[in-house]
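Structure, as structure tokens:
Since every read-out is calculated from the coordinates, none of them should be taken as a lab result. If you're wondering where the values come from, they're calculated on a predicted model, not measured in any experiment. As a convention, Cβ positions derive from the backbone with ideal geometry for all residues, glycine included, and neighbour counts pool all protein chains shown.
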Number of protein chains: 2
Amino acid sequence: MKAILERRSIRKYQDKKIPDKELKKLLQAAMAAPSAGNQQPWEFIVLRDKGNLENIIKFHPRATMLKTADAAIVVCGNEQKETHKGFWVQDCSAATENILIAAQESGIGAVWLGIYPREERVKGLQELLNLPEYVYPLCVISLGYPAEEKEPSNRYDETRIHDEKW
Amino acid sequence: MKAILERRSIRKYQDKKIPDKELKKLLQAAMAAPSAGNQQPWEFIVLRDKGNLENIIKFHPRATMLKTADAAIVVCGNEQKETHKGFWVQDCSAATENILIAAQESGIGAVWLGIYPREERVKGLQELLNLPEYVYPLCVISLGYPAEEKEPSNRYDETRIHDEKW
């Protein structure tokens, strides 16, 4: 609960490498997510190359924090693994949220950068990462040890809760 | 990490009430999720009425565990609150995953029942819960204290991880 409630989007990073074994933990968390009929339609591209990270900014103007990120994980949906059509976005979003919570628990700062369904961003990443046409990038998760501190944000809003019906 | 890695879909429940304060914790976790531009496009319908729960089975044949569930949370996207068009499914999926992890931590069993984009299920819930046409049910989370135990499932698959490109 603590990690869920205290997690914030972190966009400023220290110049410090995330060990491979920490990145592996994030990917383990990702693949522990539920999916429709347990179809597990996900693929993960791990980026550490500075050039690769900076190239994303060309088609995603809000991704400038990638200049100082140590790594990124691109979460993708593989249409060929989608046995329950129409659910890959939900499955891959659950995997993404698991990565964010696991990062918070590991002291790693992260921010979810939306890609799908923005066409220019999807196409940009498919070309940059040589993705087959049946693999859709859902988002880029920018990662690095935090160089900023943020208080937990209380978004709890009782007006969004409805008893039994609208 | 423990809750993320050990979480399983729980479909058999004890005849035991979930206290309101425990349900509130799940909703707090849900609303702590990230969303596109922090738009928070979610709404939550909390179901405890047996008739309401059982009515869902009529249009969702795989939802029979709702007969013995103590409660359910219907996670919905409110199109009128979606300032970043095309992202409500991702935002509400992150909120759903937070509920599942918080439930696991609280010893509550849960299973994510897909609704959107299956038209007959969306329509069925909109009618049952009196949802406005701009509110889309994403999923139903069935909840109850577990009457079954499941070992953690190791879904980690290295073939899904790609370095720098496909």
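Per residue, how big is the convex hull around the C-alpha atoms of the range A:82-166? Give it to me in cubic angstrom, could you?
180
Where in chain B are the helices, taken as whole DSSP H runs, whose Cα atoms extend 24 angstrom or more along the long axis and whose Kyte-Doolittle mean reaches at least -1.0?
Once both thresholds are applied, what remains is B:88-105.
Take B:D49, A:D163 and order them by how many other Cβ atoms sit within 10 Å, fewest up front.
If I rank by nearby Cβ atoms, fewest first, I get A:D163, B:D49.
Let me test this: with uniform point scatterers at the alpha carbons of the protein assembly as shown, what is the Debye-based log₁₀ I(q)/I(0) at q = 0.08, 0.09 1/Å?
For the protein assembly as shown at q = 0.08, 0.09 Å⁻¹, log10 I(q)/I(0) is -0.34, -0.43.
Quick check: convex hull of the Cα atoms in the range B:7-148, volume per residue, rounded to a whole Å³?
Residue-normalised Cα hull volume stands at 95 Å³.
Among B:A94, B:T159, B:P132, whose Cα projects farthest towards the positive end of the dipole of chain B, with charges put on the beta-carbon of Lys, Arg (+1) and Asp, Glu (-1)?
In chain B, that residue is B:P132.
What relative contact order, as a whole-number percentage, does the range A:41-166 give when Cα pairs under 8 Å and 6 or more residues apart are counted?
It comes to 29 percent, rounded to a whole number.
For B:I18, A:I161, which order do you get if you count the other beta carbons within 10 Å of each Cβ and list the fewest first?
A:I161, B:I18
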